[in-house]
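What follows is a short report on a single structure.
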Amino acid sequence: MAGERIPIMKMKTMRETLRERSLLTNFSEEHPYSLSQNATNDQNIIYHPLRNHKDFSYIGNINIGTPPQEFQVLFDTGSSGLWVPSIYCQSPSCYKHKSFVPCNSSTFKATNKIFNTNYSSVSIKGYLVYDTVRIGNLVSVAQPFGLSLKEFGFEDVPFDGILGLGYPRPTVTGASPIFDNLMKQGVFSEPVFAFYLSSQKENGSVVMFGGVNRDYYKGELNWVPVSQVGNWHINVDSISMNGTVVACKRGCQALLDTGTAFLRGPRGPVSKIQKFIHARPIGREVKGHSTGSLSGSPHKDQQSQPLSLFLLQHVVSCQSIGTLPPVVFTINGIDYPVPAEAYTQSLSGYCFSNFLVRPPRVNESETWVLGEVFLRLYFSVFDRGNNRIGLAPAV
């Protein structure tokens, strides 16, 4: 596979946490191999494999410390900091995940700085530390990151911590994110990273650093400037169905977020889309099945999932999926259709809309979050050198 160099010219809610314990049953036993051992180099591009966990999170392995201690982390463009659990953490979630042992690392350095991170309804509290962090073949020396002492809402997620790939946010850790640290160390030929997120298959997803590989997308990349330097927000022209604008009528903002599973927007526009596709709130007949793992859907998802994960969603007629129109996001004059097969999800004979309401923020204009539903369809390049995002149909 050949690399394409990009010229430099002078752009969580946590992340739909999987709260159902049944998703995690025997996860470690079923997947004992180390992703970080499979990272590869191709000319100037560094590839790092990600594991697709039931189309709800994309997880990669990293190593911290000397000798290395391995962790499974969520690679997240919606946040900036890196954190993993500390062995001193007393929260229930910490007992369910791998914890970092500072005294086992000869390169560890402690600080007295507090580390706090909030992702909508979940949060982390701990302290800031320094150590060597490895993402496959990438090595960040003296990398600042958080060690959690308290975790709220992470009991049943299939990853140990989160690796943020957003712009620096001093309020989060007061320290340089790992991508910025690696840029300063001069390890990249180009200051870019890109995501290819596979659908359904556990293997095949990848995050690549330092360049772009044409084998992962079709056509040409369409570049969109970030709407404000400091996060991965872009301007969206409109959102339409069957040629009718259903949301974002005067333009809006969107965050491209690899740490969010769904498509999220303000209550009014999301409700309009739900009405357009004849989606209805989940009724008692569905809620009555909200315990345990269920399977057997006639629609595209044949894997076992816990139904209560979907209780915030709306129900769609499974028989109508083939007749529903795509939702088209027009970005920088280019249409990016999301077909009904992508914006719906099935479970045990029920089908659900993947559009969810995003909690409002004070004085915020209409803002959407384009999560993995969108990013599975479109290969995405995050270009820090030019403050822009590149999009093209994924292969």
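Filtering the range 207-244 to residues that are surrounded by fewer than 20 Cβ atoms within 10 Å (Cβ to Cβ), farther than 22 Å from Glu364 by Cα and small (Gly, Ala, Ser) leaves Gly219, Gly243.
List the strands (runs of 3 or more DSSP E) that sit entirely inside the range 101-220 and contain at least 2 residues that are polar (S, T, N, Q). Walk me through it before giving the result.
On the way: elements: 109-119, 122-135, 138-152, 161-164, 192-196, 205-209.
Of the strands (runs of 3 or more DSSP E) lying wholly inside the range 101-220, those with at least 2 residues that are polar (S, T, N, Q) span 109-119, 122-135, 138-152.
Out of Thr77, Thr25, Thr66, one residue alone is modelled with pLDDT under 95 and out of contact with any helix residue (DSSP H, G or I) (no Cβ under 6 Å at 6 or more places or on another chain). It is Thr25.
Please go through the range 342-369 and give me each residue that is in contact with an Asp or Glu (Cβ under 7 Å, 6 or more places away or on another chain) and aliphatic (A, V, I, L, M), ordered by number.
Leu347, Val369
Can you confirm whether Val245 is among the hydrophobic types (A, V, I, L, M, F, W, C), under 30 Å from Asp180 (Cα atoms) and modelled with pLDDT of 90 or more? It is false that Val245 is among the hydrophobic types (A, V, I, L, M, F, W, C), under 30 Å from Asp180 (Cα atoms) and modelled with pLDDT of 90 or more. Looking across the range 379-395 at every residue that is surrounded by fewer than 20 Cβ atoms within 10 Å (Cβ to Cβ) and of a type in the set (S, T, N, Q), the one that is farthest from Tyr336 (Cα to Cα) is identified as Asn386. Filtering the range 124-163 to residues that are surrounded by fewer than 18 Cβ atoms within 10 Å (Cβ to Cβ), at pLDDT 95 or above and of a type outside the set (A, V, I, L, M) leaves only Tyr130.
Among residues of the range 318-345 being in contact with a strand residue (DSSP E or B) (Cβ under 7 Å, 6 or more places away or on another chain) and of a type in the set (Ser, Thr, Tyr), the one that is nearest to Asn235 (Cα to Cα) is Thr330.
Number of residues in the range 354-366 that are modelled with pLDDT under 95 and either among the aromatic types (Phe, Trp, Tyr) or part of a strand (DSSP E or B) (or both): the value is 2. Screening Phe108, Phe75 for residues that are under 23 Å from the mean Cα position of the chain (by Cα), crowded, with 16+ Cβ neighbours inside 10 Å, assigned by TED's automatic domain parsing to the domain that holds Tyr196 and not polar (S, T, N, Q) leaves exactly one candidate, Phe75.
The values are calculated or read from the model by the stated rules, or taken from the named source; none is laboratory data. The shown structure was predicted, so the numbers you read here are calculated from the model rather than taken from an experiment. Ideal geometry is used to build each Cβ from the backbone, glycine not excepted, and the neighbour counts take in all protein chains shown.
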